[in-house]
Protein chains: 2
Amino acid sequence: MIEDDIFRALADPTRRAIFEKLAAGSMNASALRKGMEISQPAISQHLSVLTNAQLVRAQRKGRFVNYAVNPEGLALIAQWLTKYRAYWPERIDDLKILLKDMDQ
Amino acid sequence: MIEDDIFRALADPTRRAIFEKLAAGSMNASALRKGMEISQPAISQHLSVLTNAQLVRAQRKGRFVNYAVNPEGLALIAQWLTKYRAYWPERIDDLKILLKDMDQ
DNA sequence: GTAAAACATAAGCATACGCTTATATGATTC
DNA sequence: GAATCATATAAGCGTATGCTTATGTTTTAC
């Protein structure tokens with residue numbers, strides 16, 4: 001089940017931080033590492049987890065590897081969320097969420 | 001970080017199955033257990049995790065405890081998703097996802 | 001081709017997870 | 001209040017997770 005991988009990948013705060021950085025703009029592992037107190041192997045392992053979860057995409061560019069957000073993973077979360085659309089309007093505060101055209 | 005709890009809670013397939021059952025209608029732990037090959041303590045522990053993640057609500061009804069979906073958790077996921085709204089249109093297949101009125 | 005840079009993989013370790021069995025708590029029924 | 005039902009907690013166990021250090025790969029630069 002891919003959902004296992006996606007949710008598990010996002011359960012780690014370091015991984016969410018990496019993902020957030022990538023969402024602001026794709027970059028290689030070294031660039032990602034800057035400002036994060038983490039070892040090189042750790043970043044590499046996290047990126048592997050994110051990639052397997054289809055949240056991130058890897059592409060070799062010479063001796064660098066460019067990492068970018070993979071919309072596939074996000075779409076799968078959105079898709080999962082729509083199953084429980086019935087509960088969204090019951091949100092306590094004033095958040096308004098609308099999802100349409102996903103009746104497949 | 002509540003996101004840790006939410007994503008971790010959903011990373012387990014048994015927990016997602018429990019959540020899905022509750023989404024179809026609130027019920028107590030015994031009813032939930034029916035049809036699931038799982039021990040009573042296991043269900044209880046899973047429900048505890050889901051409750052802590054604000055995905056589920058517990059309410060005593062005599063000697064039963066009624067469990068129901070807590071929209072709060074779902075809303076937090078939706079909220080998290082909106083941060084990456086920019087990437088949604090890039091979805092490969094024909095899935096159409098639209099989110100509006102969440103500019104808070 | 002040799003050295004160095006960017007990244008991945010291997011191995012090991014402490015901690016967390018999900019399950020089990022056993023027991024405790026809370027509430028009803030008689 | 002004793003027995004029973006519904007649920008929670010405790011303790012223990014095997015496995016997974018996230019990190020580290022050490023070593024491999026792959027590609028560029030000289």
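Couple of notes before you dig in:
- Checking each residue in region B:1-56 for being more than 11 Å from DNA strand D (Cβ to nearest atom), more than 11 Å from chain A (Cβ to nearest Cβ) and of a type in the set (Lys, Arg) picks out only B:LYS21.
- Qualifying residue in region A:9-18 (condition: more than 10 Å from DNA strand C (Cβ to nearest atom), at pLDDT below 95 and surrounded by fewer than 18 Cβ atoms within 10 Å (Cβ to Cβ)): no
- The residues in region A:58-79 that are away from chain B (no Cβ under 11 Å), surrounded by fewer than 21 Cβ atoms within 10 Å (Cβ to Cβ) and part of a strand (DSSP E or B) can be counted, and the count is 7.
- Residue match in region B:67-82 (condition: farther than 21 Å from A:ARG16 by Cβ and within 12 Å of DNA strand C (Cβ to nearest atom)): no
- Within region A:43-58, the set of residues being under 11 Å from A:LEU22 (Cα atoms) and free of Cβ contacts under 8 Å to residues at least 24 places away in the same chain comprises A:ARG57 only.
- A:GLY25 vs. criteria surrounded by 19 or more Cβ atoms within 10 Å (Cβ to Cβ), within 25 Å of B:THR82 (Cα to Cα) and out of contact with any Asp or Glu (no Cβ under 6 Å at 6 or more places or on another chain): no
- Test: A:SER48 is within 25 Å of B:PRO13 (Cβ to Cβ), over 11 Å from the mean Cα position of the chain (by Cα) and within 8 Å of DNA strand C (Cβ to nearest atom): yes
The values are calculated or read from the model by the stated rules, or taken from the named source; none is laboratory data. Note that the structure is predicted; figures quoted are calculated from it, not measured. Don't worry about glycine lacking a Cβ; one is built from the backbone with ideal geometry, like all the others, and counts go over all protein chains shown.
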